[in-house]
Amino acid sequence: MKILHITDIHGNEKIMKESLKFRDVEIVAISGDLIETKDDIKKVKEWIKCFKVPVIICSGNHDIEIDNGEWLYETNALVNRKVEINKVIIDAKGYMNEEFDYNVDILIYHTPPKNTLTSTDKNLRDFGDEFLEKLLKHNFNPKYLLCGHVHNPLSRQDKINKTIIINS
């Protein structure tokens, strides 16, 4: 399955325009922080409509600051929910949700797990999720975790047990 993973665009129109050039993907996974201000909502909604494949979104901290993220549900995207596409189970969990479904191939979650190269920035500050880290170290093993939140991580990819973590 070919996935376009987008995160933390914060209303950036250049990134929105560039993302539309990817035509050979089967789904678009967005791991939060689509907006920076309320003024971004209208253009983000219009941008999401441009995709011809399913768009799956998990809310980020910036998304829920305005109207608790309810504006996301006014798009044609699959928001903060579990879906099956081409026999692949994908679960998008909203920001700070700690109720994870263990039967999942791909988890889309805004915050990377703590103590990973994907959660630590260039100044060695760790912005990761401690609860998610504990789950992944014990018995929660999706094949992939698509995340964001940390804009300039030490690495865009890391791994905990069997789970490949990608912060694009």
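In segment 52-66, is there at least one residue being among the acidic types (Asp, Glu) and on the phi > 0 side of the Ramachandran plot? Checked against the condition, which is being among the acidic types (Asp, Glu) and on the phi > 0 side of the Ramachandran plot, segment 52-66 yields no hits at all. Taken over segment 1-57, the criterion of being in contact with a Leu (Cβ under 8 Å, 6 or more places away or on another chain) and open to solvent by 60 Å² or more (accessible area, probe 1.4 Å) is satisfied by Phe22, Cys50. Evaluation of Asp63 against the conditions (1) assigned to a loop (DSSP other than H, G, I, E, B); (2) within 13 Å of the chain's Cα centre (by Cα) shows that the sole unmet condition is (1). Counting only residues that are assigned to a helix (DSSP H, G or I) and either in contact (Cβ under 8 Å) with a residue 60 or more places away in the chain or of a type in the set (D, E, K, R) (or both), segment 7-33 holds 4 of them.
Matching residues to (1) within 25 Å of Asn152 (Cβ to Cβ); (2) among the small types (Gly, Ala, Ser):
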| site | (1), (2) |
| --- | --- |
| His5 | yes, no |
| Lys14 | yes, no |
| Leu20 | yes, no |
| Arg23 | no, no |
| Ile27 | no, no |
| Ser31 | yes, yes |
| Lys42 | no, no |
| Lys49 | no, no |
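The residue pairs whose first member lies in segment 119-132 and is within 20 Å of Thr7 (Cα to Cα), whose second member is among the aromatic types (Phe, Trp, Tyr) and part of a strand (DSSP E or B), and whose beta carbons are closer than 9 Å, counting only pairs six or more residues apart or on different chains, are Asp129/Tyr109; Leu132/Tyr109.
Could we say that Lys137 is open to solvent by 20 Å² or more (accessible area, probe 1.4 Å) and in a strand (DSSP E or B) here? Spelling it out, it is not the case that Lys137 is open to solvent by 20 Å² or more (accessible area, probe 1.4 Å) and in a strand (DSSP E or B).
The values are calculated or read from the model by the stated rules, or taken from the named source; none is laboratory data. Keep in mind that what you see is a predicted model, and the values were worked out from it rather than measured. Cβ sites come from the backbone with ideal geometry, for glycine too, and all protein chains shown count toward neighbours. Note: areas computed on protein heavy atoms with side chains; ligands, DNA, RNA excluded. Shrake-Rupley method; radii C 1.70, N 1.55, O 1.52, S 1.80 Å.
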